Ligand code: FE
């Protein structure tokens, strides 16, 4: 019986074999005590490391442990498609971004997580700064994803724009064409915003810093704060509602929140959208600020081969459609076209080509600028 099991050892990695030898050395030194056990307990005790060692060899490439901060209806199809194509089963844990990051950190070297998926470059940057991601070399990812939408360690799989939204009756569209206009004293008491501590606004500020420099970006932030209709509160949808209700004249929102309201099956949501106009910012200069949702392979991933396959799968035509459309976003792979009535209705626009990695790089400075400017 032992001969048969030992034969299974040989395909195992050298490190595992060394561990097994070390285990038996310890066992032999205590053999005298072990011999006093009953025979079946002794046999089980001697076979234990073989059983443990063999398990990962058979299961290793059939499972993928995914920690995801995404939770959209179309994700079911996204994941089941991967399992159908590769035979790799996905174990998914969904929670809020910060909770997942905390969990991965707490689990440390023993974390079962292979892939971490989240939204916003700032959050991916945080995971990267914590040293959680492993570099991935993949010809597929390199050729499918534009260079500005990937770093060495993480990859963008969909994009969203941060746009301006005005109340049709309160503000003239010609007065708000650029992010810079939000600081114009003409808009005093008209600007609503979510907190400056939120990643969406931090990424926007990171792009302003890249473009204008920190001093000018701070001047802008002070100007916007001086125009606030109220202290920052709520999420992007709350700002859109406040603009529609006339509580403020203008706000900034991620594009998918607007698309969601446009596509909503609730009449009230669609009525809300009749009160507002969406403005693609900075179209005559740099283009609208773009952010992403994406992910990377974790350094401690127990199933690295599956993890790379999964990242490559996310860049495939089908997966790109599911991934982007699930949250009314645009695919990261330029050749993939999504049919989305709301996004189509919002029209074409010029996007800021700033590399996403720059947002990550400037995010710490961005938070400090908001703090100094009082954009709480
Ligand atoms: Fe969001």
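The values are calculated or read from the model by the stated rules, or taken from the named source; none is laboratory data. A quick note: this is a predicted structure, and the numbers were derived from the prediction, not measured. Positions of Cβ are generated from backbone atoms using ideal geometry, with glycine treated the same way; all protein chains shown enter the neighbour counts.
Restricting the first member to the range 248-270 and to residues that are in the same structural domain as residue 231 (by TED's automatic domain parsing) and over 16 Å from residue 238 (Cβ atoms), and the second to residues that are in a strand (DSSP E or B) and within 16 Å of the ligand (Cβ to nearest atom), the beta-carbon pairs closer than 6 Å and six or more apart or on different chains are 255/160; 255/161; 255/163.
Within the set 301, 319, the sole residue that is away from the ligand (no atom under 16 Å from the Cβ), assigned to a loop (DSSP other than H, G, I, E, B) and buried (at least 19 other Cβ atoms within 10 Å of the Cβ) turns out to be 301.
I'd like to know if the range 133-148 contains one or more residues that are assigned by TED's automatic domain parsing to the domain that holds residue 334 and under 30 Å from residue 372 (Cα atoms). Yes, the range 133-148 contains at least one residue that is assigned by TED's automatic domain parsing to the domain that holds residue 334 and under 30 Å from residue 372 (Cα atoms).
Here's the yes/no breakdown for (1) touching a residue at least 60 places away in the same chain (Cβ under 8 Å); (2) not assigned by TED's automatic domain parsing to the domain that holds residue 153:
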| position | (1), (2) |
| --- | --- |
| 323 | yes, no |
| 335 | no, no |
| 348 | no, yes |
| 360 | yes, yes |
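For the range 49-70, the set of residues classified as surrounded by 14 or more Cβ atoms within 10 Å (Cβ to Cβ), touching a strand residue (DSSP E or B) at 6+ places or on another chain (Cβ under 9 Å) and at pLDDT below 95 consists of 69, 70, listed by residue number. Taken as a whole, the range 260-271 holds no residue that is buried (at least 16 other Cβ atoms within 10 Å of the Cβ) and farther than 27 Å from residue 341 by Cα. For the range 191-212, filtering for residues that are surrounded by fewer than 18 Cβ atoms within 10 Å (Cβ to Cβ) and within 16 Å of the ligand (Cβ to nearest atom) leaves 3.
Where in the range 221-295 are the helices (runs of 4 or more DSSP H), entirely inside, with at least 1 residues that are closer than 25 Å to residue 155 by Cα and under 25 Å from the mean Cα position of the chain (by Cα)?
Values: elements: 236-244, 255-263, 267-274.
In the range 221-295, the matching helices (runs of 4 or more DSSP H) lie at 236-244, 255-263.
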